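The structure appears right after this line, and notes come after that.
The numbers here are math on the coordinates, done by the rules we state, and not lab data. No experiment lies behind these values; they were computed from the predicted model shown. Here the Cβ positions follow ideal geometry from the backbone for every residue, glycine too, while neighbour counts run over all protein chains shown.
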Amino acid sequence: MQIRTKLTIQFSVLVSGILLITFLAVYFFTYFNVTDDFYDRLRSKASSRAELLLKVPQVNNDILRALDETNRDLIYNENILIFDEKNRLIYSNLANPRNKALHVSNYWLDEIRKNGQIRYQDGDYRVVGLYYKYPFNRAVVLLGAQDLYGQANLSNLSTLLIVLFVILTAIVALAGWTFSWRALRPISQVMNDVEGILPQKLNKRLDVPNQNDEIGRLTSTFNKLLDRIETAFQMQKIFVANVSHELKNPLTKIRSQLEVSLLKEREPEIYQRTIRSVLEDIHELAQLSNTLLELAKVSEDKHDLLTETIRVDDLLLDCRLSLSHAYPTYTILLNFDDLPEDDAWLELAASTTLLKTAFLNLMDNACKFSEDHTVRIRIQCEADKLSIYFSDTGKGIPHEDKNLVFQPFYRSENTANVKGYGIGLSLVDRIIKLHNGSITIDSTIGTGTTFIIDFTKI
């Protein structure tokens, strides 16, 4: 079911329910008011009739009929009965008392004497009973009649209310359908605009008619999402282009060397030298592939990888041992003078493999870019924060390049003469963020660079 239909039904049901309750209240209020008014008229007429019949002996039925014909307050099918103290009928306005419409019992007569006045309904008749006192005697007066005029008014009122309810419900449904269409029209426009945005037109944005309402905020959210999607597509294109470029160089070298080797017969030493060169290029390809796989592995928010509790100082010692075996010319200086007394401050929830990869990349970069191939590492601890400093004595990073060095395959002019792919720092940045940390750069041209990693403990 469409939202427009749901809104129309809900709006119609709500307003129709309110109308129904209101009309029922009007009808029952009118019903009780008409009933009370009719009983009041019966009581007044019963009292006046008793005054005339019991206190004025000269009054008879003919005189009473003449009075009724001149009375504008007509009461239809009126029956009046008067009983003495012994429950004997002493007066009736019917020609034959046996044909009276009212059903009278001693119970009702006793109730009238006990309460002084009662009212009740006898079939279609509404009856008022009075205990009337006159000189030297008492009598029970019953006056019953049919409220044909009141019933007709109630019937007309109920018909009017039913017709009004049907008409107003139809009007409300039509108005709800129209208002819901007007309310949802901006959403339909947004949907049509979004459907028109193709991968080739990611620079297109939605119009925001009013930023203060919900539709405007929804449209703004769509535009922000499109900004992120466009950025992601651009990064993907750059990534694919850079990967293609990085793969093309070693593949071209391998192909050219093999083609040259096949041009003519050569000495075994030359073939061996060619094979070693090809193997070196293949090793570079393998290293690039592994780095790309590691980069892809931490591209998503995978906090479920952080299943180990490690000590940072132990991991740094392990990294120094591994890097020293691979590159004997590197010097890795660890400064543990500021270690805390509480060993728990050195612990992190982490993935040992990923964090070791990040530390090795920072150590390797620092050694490569330092003239003496030296990196200095220092740890600073607090109860809720752990910081690690990786410092080198290289040329430094220009200020305009600080925000770019963490982009995949980016390499500044200062690193043109150093072998690499420009993926390491991007991989480090993602690994550190995965561990709820951040990495910043403090660099001075000609003096060196310090990479500062801050881990916030949760």
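List of remarks:
- Other residues whose C-beta falls under 14 angstrom from the C-beta of SER370 contribute a net charge of -1, scoring Lys and Arg +1 and Asp and Glu -1.
- Nitroxide proxy distance, nm - points 7 Å out along Cα→Cβ at ASN403 and LEU285: 3.8
- Zone residues, segment 29-43, relative to LEU160, backbone N less than 17 Å from point 7 Å out along Cα-to-Cβ: 29-35
- A simple spin-label model places the labels of ARG185 and ASP372 7.6 nm from each other, with each point 7 Å out along Cα-to-Cβ.
- Each of LEU218, LEU174 has some number of other Cβ atoms within 10 Å of its Cβ, and from fewest to most they run LEU174, LEU218.
- Filter on LYS356/LYS395; LYS224/LYS457; LYS253/LYS395; LYS237/LYS356 - keep pairs with C-alpha separation over 28 Å: LYS224/LYS457; LYS253/LYS395; LYS237/LYS356
- For ARG88 and SER47, a Förster radius of 22 Å and the Cβ-Cβ distance give a FRET efficiency of 0.55, rounded to the nearest 0.05.
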